[in-house]
Amino acid sequence: MTLCRDLDRSLNDLLIDSVSVPFDFPNLWKEVTQKCGSILKWESVFIGENGPQEMCNTVMDAYVLVYHLISHPCSNTPLVKVNGKEIWEGQQIMAVYSLQGAIFEQHLLNNVITAFGQEDDIPTIQTYVRLWRSFLVAVVNIKTVFSSLADKWSLLGLEENPLDRTEDIALRKWSTIVLTPHVVSQLRRELRALLAGERAGGCAPDLSFAVEIKDELSMLPDSNYYRSIVEVDYIRDMCEHSWSKARSIAESDLFEYAKVCLDLIEEELIRAGKFLTNKDHAVDRLVETLVDDHINLFQVAKVSEWHDAAGQPEADLKLQTLFRLLWWSKGKGAPLMEGIFKDSVARCTAAQLSKAVQTAAEVADTYAHIIESFALIVKKYRNVVRSVFGNNGCMLEAMDEGLHSGFVNMHSVNFKKLADRLAALSNSILGKSGATKLQMEDIISVYYFLPDAEIAAKDTFLVSYQAHLAKRLLLHHYDDKREQRAMEQLVQVKQSPILFCCRSMLKTTRNHSIYIGASTTNHVLVNPALLSRGTWPSVPHSVATSGIPPACSHEIEIAKERCMKMRHGQKIDFSAPYSCGVVRMQLPPGTGSNRTTVQLKLSFVQICIVDRLNIKTEWGFRELCDALKVNEGDCLSALTPLVKATVVQLDGAPGPACKVSLGRCNGLVGDVVDLMPLEFHAFAQSAAVKLREQRAPPNAARANPQRLESQVVHLLKQNGALAAEELLTLLTAAMVPLTVPRGELKRVLEKLIERGLVVRDGTHRKFSYSP
């Protein structure tokens, strides 16, 4: 202390420069060594009330001495080499740096090693922890003593810092001097004994030392000490202990074995968190012992039976337990679980769908039955993956592969027809036009699994979906948000140009930029449908341009110009099949009605026919077809409802030789009469006026829709293809005394077409049964 104080006074009196009197390096270093030795023995040196203050003073004194040793000229400085070369700049720095290790070495040899031999009755682990704590406190203070070395290495003229930190030097010395083979052996033995007692349920007072020693050993520069003393023995004993507890039930009860293994893993997770620095490696080794080394235990028929019974509470509990255990094993257990689940899903799906195909022959709507059955299967397995497997991504993928395999391998199923029926069901849901148990999510689920290679069933679905969407949009039977949501879900499954067109159709309908509303011309409420070419489904024109009444043609051209201005650059076409109108007709005398006029809801072809009858009161059938530039089938289909309502009468049997003229109009009931043919009904545009159903005779009993559907299918099976009016005549005769309103037959046929039981013959305007 006296030398240090004298040094301070000398420094205050002298101007330190190149001609200052140099210090003697060995004398100053001896003083540094003595002070550091006191710091290393702080527990016995600095005692009493003033002990902490004296220690702080000692640390500061040693720091000042080291500072001057590296910054003030010194004589008799030891020669030090760096990388085998003598250095001149920074020689004092390297001398201080190289000598600090000797301070730790001397203390460990004289005080720490001897302490192990003096305490025979105290466990080695306690002695080690106590000595370590004291040494670590001392090292922290000595680090302050030599802290001035930290920013001086640049004076050596080297690019990288060659100086190790003081604490690293101290810990290396501790490893090489204290951790002798004998001490390591004693620590391993005592630590294993403590952990074995803890696993057996004991609570030894020395257990806290076992927790502390793993942190102390992990601080050493060489990690091999931690592994050899703690980790290796811990993992070996853990695996042997766990297998001894689970071995007895491994082959007798797989479910109980899985539960015991999970309990052991959870128990060891907690224990490893206390006694190891990294518990992951230990748990991986334990899983190898319990699962990977005995993977054959899980490759038994019982596991497949559990998967086949998925969805039942007892089976789900067993699957969940098995999944939690096997999923710890990423190398063997998880792939095995995925494979068994995928095979089970494929096998059960194929069996249930095969049964559904067999029973579908007994129901009216075959493909709807198959779709509903598969949707229930998908929903079931998704619930299993959610509740049993926690929506695990790998298990979801395995489920998808299994469902796809079981679905696409169905025999005797036309996937294009199934896809078309699926689109019709989606129309029933989105347009709220039919009764179905399915939701739109079920439709998307089935669509996801449709074949998309050689069969291209997904494209078939999208084509039909677009056609149904066009009908909904033009009839204004749609909900914008539901349509958008459905398209978003379909795009997530598969991106297609058809869906792009569907988005454009919805947008243009929403903005009223394609379809132009009604306008009145000469008592005709014209509703022209003007559609963007290439976006909407293409349909043939029913009427040639020369057959369109001039007034209607003028309104169509005006509407077309407005459309093209609103949709600049697009090709706009007039579509007669999507167009309609309301005609105000003057009633002739003798009808027995108090009204002078009646409104007729007509298709565009019918409007053209009525316009021709204004020009000439009687036409030959072929003459009328030639004037309108329509084929005989389209003309007859348009005339039939007009004849039925007595608006038009035929002279002779319907056919090429008959004459067409105005009728008596005594069969019209209601303010607005819907006379559009059944073939048009699916594509009719809403009129600007509210339509009313045709009134039935008082007290007339009507047939229920279910019986009508069954009778229509029976008649078409028995008689083959029938025109709408022929079907109505036969149906009325079969249902006596019940009445069959024409509008009801329209709805029944529409439902049967959507369900795939009836198809429309576009050439002859007839309906036929589709097996």
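Each value in this text was obtained by applying a stated rule to the coordinates, not by laboratory testing. Because the structure is predicted, anything quoted here is derived from the model rather than measured. Note that each Cβ is placed from the backbone with ideal geometry, even for glycine, and that neighbours are counted across all protein chains shown.
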Fill in: Largest to smallest principal axis extent of the C-alpha atoms in the stretch 351-491, angstrom
44, 36, 30
Item to complete: Enumerate the calculated ³J(HN,Hα) couplings along the stretch 455-471 in order (Karplus 6.51 cos²θ - 1.76 cosθ + 1.60, θ = phi - 60°), each rounded to whole Hz, writing x wherever the residue is Gly or Pro.
Response: 6, 6, 5, 4, 5, 4, 4, 5, 5, 5, 4, 5, 5, 5, 4, 4, 4
Fill in: Cα-Cα P(r), the stretch 301-413, percent of pairs per 5 Å interval
2, 12, 22, 23, 16, 11, 7, 4, 2, 1, 0
Item to complete: Subtracting the Cα-Cα distance from 0.36 nm times the residue separation, let me have the gained length for Glu314 to Arg165 in nm, one decimal.
Response: 47.4 nm
Worksheet entry | Cα centroid of the stretch 315-363 to Cα centroid of the stretch 433-497, whole Å | 28
Discussion item. Please report Rg (one decimal) and Dmax (integer) in Å for the Cα set of the stretch 181-286.
Written reply: 14.8, 48
Worksheet, complete the sentence: Length gained, Ala351-Ala734, 0.36 nm per residue minus C-alpha separation, equals 133.8 nm
Discussion item. My understanding is that a pair violates if its Cα-Cα distance is over 20 Å; which of Lys471/Lys751; Lys416/Lys494; Lys432/Lys751; Lys379/Lys437; Lys318/Lys355; Lys601/Lys751 do that in this structure?
Written reply: Lys318/Lys355; Lys601/Lys751
Worksheet entry | Under 16 Å from the Cα of Lys560 - aspartates and glutamates, other chains or at least 8 residues apart | Asp573
Worksheet, complete the sentence: If the label point sits 7 Å along Cα→Cβ of Gln358, residues of the stretch 379-421 with amide N under 14 Å come out as 411
Worksheet item: How much length is gained on full extension from Asp263 to Ile113, taking 0.36 nm per residue of separation minus their Cα-Cα distance?
Response: 49.7 nm
Practice prompt. Taking 7 Å along the Cα-to-C-beta vector as the label spot, tell me the Lys245-Ser768 distance in nanometres, rounded to one decimal.
Written response: 7.5
Practice prompt. Averaging sequence separations of C-alpha pairs under 8 Å and six or more residues apart, then dividing by the length of the stretch 197-323, give the relative contact order as a whole percent.
Written response: 24
Worksheet entry | Cβ crowding within 10 Å averaged over residues, with 389-397, 337-345 ranked highest first | 337-345, 389-397
Discussion item. How are the alpha carbon pair distances in the stretch 419-510 distributed across 10 Å bins from zero to the largest one, expressed in percent?
Written reply: 17, 57, 24, 2
Item to complete: Please list, or write none, the aspartates and glutamates whose alpha carbon is within less than 17 Å of the alpha carbon of Lys302, excluding same-chain residues fewer than 8 places away.
Response: Glu251, Asp253, Glu256, Glu314, Asp316, Glu338, Asp343
Response to the item:
The local net charge around Asn427, scoring Lys/Arg +1 and Asp/Glu -1 for residues other than Asn427 whose Cβ lies under 9 Å from its Cβ, equals +1
Discussion item. Using a 7 Å offset from the Cα along the Cα-to-Cβ direction at both Gln718 and Asp233, what is the distance between the two label points in nm, to one decimal?
Written reply: 9.5
Worksheet item: How many nm is it between the label spots at Val64 and Asp215, if each spot is 7 Å from the Cα in line with the beta carbon?
Response: 3.6
Worksheet entry | Other-chain or far-sequence residues with amide H under 5 Å of Gly620's (modelled H) | Val660
Item to complete: Give me Rg over Rh for the stretch 22-178, both radii from the alpha carbons and Rh done the Kirkwood way, two decimal places.
Response: 1.01
